[in-house]
1. Whenever you get a sec, compute what percent of the accessible area on the chain sits on carbon and sulfur atoms (1.4 Å probe).
2. Would you compute the Debye intensity of the stretch 111-171 from its alpha-carbon atoms alone, equal scatterers and no solvent, and pass along log10 I(q)/I(0) at q = 0.13, 0.16, 0.27 Å⁻¹ to two decimals?
3. For helix 63-73, what angle does its Cα long axis make with the longest principal axis of the chain, in degrees from 0 to 90 and rounded to 10?
4. Taking the Kirkwood radius as the inverse of the mean 1/r across Cα pairs, report the Rg/Rh of the stretch 65-143.
5. Could you grab the Rg to Rh ratio for the stretch 8-58? Cα atoms only, Kirkwood for Rh.
6. Please report, in whole Å, how far the alpha carbons of the chain spread along each principal axis, starting with the longest.
7. Check the stretch 84-177 and count each lysine pair with an alpha-carbon distance under 13 angstrom, considering only pairs eight or more places apart or from different chains.
8. Give me the 1.4 Å probe accessible area per residue for the chain, excluding ligands and nucleic acids, in Å².
Amino acid sequence: MGNSKSGALSKEILEDLQLNTKFTEEELCAWYQSFLKECPSGRISRKEFESIYGKFFPDADPKAYAQHVFRSFDTNSDGTLDFKEYVVALHMTTGGKPTQKLEWAFSLYDVDGNGTISKNEVLEIVMAIFKMISPEDVKLLPDDENTPEKRAEKIWGFFGKKDDDKLTEEEFIEGTLANKDILRLIQFEPQKVKEKIKEKKP
């Protein structure tokens, strides 16, 4: 059993995370303690991740979205997230640099992992996002984006793609950086996520 699961975070992982995220040593160590409480094995399964994610959104159905988020951060595809993958996930979804966030967003939308995005993949993620928006908030959306189909159509239209075209990572990042509307449409209200995560901080 021993050291890997003891209360201390290895110096190597700590330094790596401080270098690649905005979190402080104190935050990382506190999160590691609460991570081990939730997941004594030191790894989170998809089900556990869905349950943790669900606590951030008690009034919504984040299961489908959480599954996609989990897939995009399970970088070695072993069906679990270790602490490092988990913290990188938190960082990317709340405070990464714009291009880092968009690289992550691309991997989120690239559902089959083949290196390009299709219109159907956009629709799949947008449908998952809509399950997390309350019916009251949906009523406030503009007419041309108040269903998953309309929103996916609008996103695809911004990129100037035909229905059966594919979108590369470079096109996705450049197009999104050049157009704030795309950024708004591809995200699930990140401010709300940030606020929820701040509330849950140990």
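The values are calculated or read from the model by the stated rules, or taken from the named source; none is laboratory data. Computed from a prediction, not measured in an experiment: that's the story for all the values here. Note that each Cβ is placed from the backbone with ideal geometry, even for glycine, and that neighbours are counted across all protein chains shown. Ligands, DNA and RNA are excluded from the accessible area calculation, which covers all protein heavy atoms including side chains. Shrake-Rupley method; radii C 1.70, N 1.55, O 1.52, S 1.80 Å.
1. Working: 5870 of 11050 Å².
The value for the chain is 53 percent carbon and sulfur by accessible area.
2. After summing over all Cα pairs, the log10 values are -0.37, -0.53, -1.13.
3. 70 degrees
4. Details: Rg = 13.8 Å, Rh = 13.8 Å.
That ratio equals 1.01.
5. On the way: Rg = 12.3 Å, Rh = 12.1 Å.
Rg divided by Rh gives 1.02.
6. 55, 35, 27
7. Values: K119/K150; K119/K154; K119/K161; K119/K162; K119/K166; K154/K162.
Lysine pairs meeting the criterion: 6.
8. On the way: 11050 Å² over 202 residues.
Accessible surface, normalised per residue, equals 55 Å².
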